[in-house]
Amino acid sequence: MNRAAQTAVLFLLGAVVLHTGAGEVSLRYVKEGLRPLLLAAGAVLVATAGATAWYERGRHRTPGTAGNTHHGAARHAPPIAWLLLLPVLALVLVAPPALGSYSALRTGTALQRPPAFAPLPPGDPVRLGLSDYAARAVYDRGRSLDGRRVRVTGFVALAPDGTPYLVRMTLNCCAADAQPVKVALDGRVPPVLEPDGWLEVTGTYSARRTEDPVNGGPVPYLQVDRARPAPAPRDPYDAAWNN
């Protein structure tokens with residue numbers, strides 16, 4: 001890989017990072033709050049490629065450097081540098097979907113105790129994040145949910161024993177550290193559930209609880225009154241839980 005090829009690959013990588021960061025496809029990889037950093041990284045790569053090209057152009061035009069041009073052009077980066085093209089091809093040709101039921105069933109629940117529980121807003125049903133419902137059901141023992149109907153959204157995962165879960169994946173920074181929060185469903189559960197399909201579920205608190213078969217963590221139940229298919233959200237990850 002000569003200097004011209006290095007510059008081209010660097011520019012291409014930066015352009016793809018910028019394109020990815022500017023669109024919602026970036027939410028499959030990083031939490032929304034990190035998009036500015038992703039855009040900044042792409043801009044730095046493009047600027048570096050541009051500066052390198054400008055320097056090389058000026059060096060070849062400067063009198064007295066002709067004798068060094070051949071020597072400089074003979075210096076090549078090691079062949080492993082071509083591996084920089086792999087993330088470019090991955091982003092351009094194969095845009096992987098957000099993590100779903102396969103990952104959720106192989107990773108233990110990441111449910112955590114929050115420092116406090118804010119009063120529920122008015123409304124019937126009240127819309128809650130899935131992680132918020134799970135934390136209230138486990139660590140508040142449903143006290144803040146007493147007498148209230150709730151509405152939560154998540155994707156479906158079917159445990160090996162057939163238990164239907166409603167799941168959201170939580171992020172600390174990016175998809176590499178994503179972990180699930182799971183809520184088991186009971187009551188009027190649809191007879192046919194498609195793994196990775198998104199559901200909007202309306203129901204009430206259930207004192208029933210089970211253990212995650214992966215790490216033994218608590219998995220609360222939700223008593224389902226109504227469940228219907230829902231479109232996948234703009235941001236498939238529950239980044240707010242770890243903010």
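Here are some notes:
- Taking region 16-27 as the range and being open to solvent by 40 Å² or more (accessible area, probe 1.4 Å) and more than 24 Å from Thr170 (Cα to Cα) as the test, the residues that pass are Leu18, His19.
- Test result for Ala135, closer than 17 Å to Tyr221 by Cβ, among the small types (Gly, Ala, Ser) and under 22 Å from the mean Cα position of the chain (by Cα): yes
- Residue selected from region 24-52 under the condition of a type in the set (A, V, I, L, M) and closer than 11 Å to Pro236 by Cα, by the criterion modelled with the highest pLDDT: Val30
- Within region 1-11, tally of residues that are at pLDDT 80 or above and surrounded by fewer than 18 Cβ atoms within 10 Å (Cβ to Cβ): 1
- Note on region 208-230: residues that are over 22 Å from Gly123 (Cα atoms), open to solvent by 20 Å² or more (accessible area, probe 1.4 Å) and not β-branched (Val, Ile, Thr) total 7.
- The number of residues in region 28-55 that are more than 12 Å from Ala15 (Cα to Cα), out of contact with any strand residue (DSSP E or B) (no Cβ under 8 Å at 6 or more places or on another chain) and either open to solvent by less than 40 Å² (accessible area, probe 1.4 Å) or of a type outside the set (A, V, I, L, M, F, W, C) (or both) comes to 7.
- Residue in region 142-151 that is buried (at least 17 other Cβ atoms within 10 Å of the Cβ) and either of a type in the set (Phe, Trp, Tyr) or in a strand (DSSP E or B) (or both) present: yes
The values are calculated or read from the model by the stated rules, or taken from the named source; none is laboratory data. Here the structure is a predicted model, which means the values were calculated and not measured. Note that we place each Cβ from the backbone using ideal geometry, even for glycine, and neighbour counts take in every protein chain shown. Surface areas here come from the heavy atoms of the whole protein model, side chains and all, with no ligands, DNA or RNA. Shrake-Rupley method; radii C 1.70, N 1.55, O 1.52, S 1.80 Å.
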